[in-house]
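The values are calculated or read from the model by the stated rules, or taken from the named source; none is laboratory data. What you see is a predicted model, and the numbers here were worked out from it, not measured in a lab. FYI the Cβ positions are ideal-geometry reconstructions off the backbone, even for glycines, and counts take in every protein chain you see. These area figures cover heavy atoms from the full protein model, side chains too; ligands, DNA and RNA do not enter into them. Shrake-Rupley method; radii C 1.70, N 1.55, O 1.52, S 1.80 Å.
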Amino acid sequence: SFTILTRADTPGSVTNYASTSPSGSTTPGTPGSNCTQTAYSCTSVKTEVTPAPAVQIKKSFRPTSIPVNGTSLLRITIDNSTSTSWLREVKLSDTMPDNVLLTGTQGQNTCGGTLTASSDLKTLTLSRGVIQAGTQCFVEWNVTSAVVGSYVNTIPANSLSSLESATNTTPATATLQVRAPAALSVQKVLAQVNGQPVPEPFFANPGDQLKYLITVTNTGGLPGSTLLTETVPANTFYTGGTGEGWSTT
């Protein structure tokens, strides 16, 4: 006996024929549905070729915005929920954009197999994964960046492979924003005197009521918070009564 490997390129019903001459003749007859069984030894095998499973890949960053040198959890979901086929020996790689690196911290892996980061911390690879029919799974890994910017991470179409020739027919994309840290500053100006615009020049008189505008500015890329404290000098005090005192936005 001997074995010949074949490949089916399109779905459908495929019949393979073979024939030989029982007498050992070098002209065994033409294999096929019309092979003369009385003169030759004819056989066939029928195979149903089904379409390769089409899986969907999704990806996300949590959070989608981080400060410089912060971390975000990258999640890649492999969706096999519409297929009736198990996927075996699943392999998928994801290469980070420039200025984005994988950290040494792995998240969960519900796809089986082995999840590894390359030595340069640029590529994440799932090897020998197993995904049941009608289910989905995910892998996670933390990423970081030391450079401010907006980074689009894409897994191209046809990046996934399996023993069943499954692949992703569409790409998967997610965006990570890396922002500068908060940068807070404060400014105080005299806004009104006795409810009127500040005259030029201005010299305070006893009993004058002065209204100041204090502005806190954040010129960074991320939200920030601060404790604002003000102390008035000697012989002055905050006014009281309805509508007076602190008014903040």
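Across region 89-118, what is the total count of residues that are at pLDDT 95 or above, open to solvent by 60 Å² or more (accessible area, probe 1.4 Å) and out of contact with any Gly (no Cβ under 8 Å at 6 or more places or on another chain)?
Number satisfying all stated conditions: 6.
Hey, does region 107-122 have a residue that's in contact with an Asp or Glu (Cβ under 7 Å, 6 or more places away or on another chain) and in contact (Cβ under 8 Å) with a residue 24 or more places away in the chain? Before you say what the answer is, go through the steps one by one.
Filtering region 107-122 for residues in contact with an Asp or Glu (Cβ under 7 Å, 6 or more places away or on another chain) gives 107-108.
Applying the additional criterion that residues be in contact (Cβ under 8 Å) with a residue 24 or more places away in the chain yields 107-108.
Yes; the residues of region 107-122 include at least one that is in contact with an Asp or Glu (Cβ under 7 Å, 6 or more places away or on another chain) and in contact (Cβ under 8 Å) with a residue 24 or more places away in the chain.
Can you say whether residue 223 is under 30 Å from residue 140 (Cβ atoms), open to solvent by 60 Å² or more (accessible area, probe 1.4 Å) and over 21 Å from the mean Cα position of the chain (by Cα), as far as the supplied structure shows?
On the way: under 30 Å from residue 140 (Cβ atoms): yes; open to solvent by 60 Å² or more (accessible area, probe 1.4 Å): yes; over 21 Å from the mean Cα position of the chain (by Cα): yes.
Judged against the criteria, residue 223 is a match.
Kindly indicate the residue of region 22-65 that is under 59 Å from the mean Cα position of the chain (by Cα), open to solvent by 80 Å² or more (accessible area, probe 1.4 Å) and hydroxyl-bearing (Ser, Thr, Tyr) and also nearest to residue 93 (Cα to Cα) among those meeting that condition.
Residue satisfying both the conditions and the ranking: 64.
In region 211-220, what residues are in a loop (DSSP other than H, G, I, E, B) and open to solvent by 100 Å² or more (accessible area, probe 1.4 Å)?
Of the residues in region 211-220, the ones in a loop (DSSP other than H, G, I, E, B) are 219-220.
Scanning region 211-220 gives a single hit, 219.
Does at least one position in region 13-21 carry a residue that is β-branched (Val, Ile, Thr), within 25 Å of residue 165 (Cα to Cα), under 45 Å from the mean Cα position of the chain (by Cα) and in a loop (DSSP other than H, G, I, E, B)?
Within region 13-21, the first condition is being β-branched (Val, Ile, Thr), and the residues that meet it are 14-15, 20.
Restricting the remaining residues to those that are within 25 Å of residue 165 (Cα to Cα) gives 14-15.
So of that shortlist, the ones also under 45 Å from the mean Cα position of the chain (by Cα) come out as 14-15.
Filter once more, keeping what is in a loop (DSSP other than H, G, I, E, B): none.
Scanning region 13-21, I find no residue that is β-branched (Val, Ile, Thr), within 25 Å of residue 165 (Cα to Cα), under 45 Å from the mean Cα position of the chain (by Cα) and in a loop (DSSP other than H, G, I, E, B), so the answer is no.
Being of a type outside the set (S, T, N, Q), more than 22 Å from residue 156 (Cα to Cα) and open to solvent by 30 Å² or more (accessible area, probe 1.4 Å), is that true of even one residue in region 68-83?
Start the filter on region 68-83 by keeping residues that are of a type outside the set (S, T, N, Q), which leaves 68, 70, 73-76, 78-79.
Then keep just the ones that are more than 22 Å from residue 156 (Cα to Cα); that gives 68, 70.
Add one more test, that the residue is open to solvent by 30 Å² or more (accessible area, probe 1.4 Å), and what stays is 68.
Scanning region 68-83 turns up at least one residue that is of a type outside the set (S, T, N, Q), more than 22 Å from residue 156 (Cα to Cα) and open to solvent by 30 Å² or more (accessible area, probe 1.4 Å).
Just checking, how many residues over region 143-198 are surrounded by fewer than 17 Cβ atoms within 10 Å (Cβ to Cβ) and closer than 28 Å to residue 219 by Cα?
The total comes to 20.
Residue 156 versus (1) in contact (Cβ under 8 Å) with a residue 24 or more places away in the chain; (2) under 27 Å from residue 8 (Cα atoms): which is the lone unmet condition?
Of (1) in contact (Cβ under 8 Å) with a residue 24 or more places away in the chain; (2) under 27 Å from residue 8 (Cα atoms), only one is false for residue 156: (1).
So which residues in region 120-134 are more than 11 Å from residue 89 (Cβ to Cβ) and either of a type outside the set (A, V, I, L, M) or out of contact with any Leu (no Cβ under 7 Å at 6 or more places or on another chain) (or both), if there are any at all?
Of everything in region 120-134, those that are more than 11 Å from residue 89 (Cβ to Cβ) and either of a type outside the set (A, V, I, L, M) or out of contact with any Leu (no Cβ under 7 Å at 6 or more places or on another chain) (or both) turn out to be 120, 122, 123, 125, 132, 133, 134.
Go through (1) in contact (Cβ under 8 Å) with a residue 24 or more places away in the chain; (2) open to solvent by 70 Å² or more (accessible area, probe 1.4 Å) and name the single condition residue 15 misses.
Every condition holds for residue 15 apart from (2).
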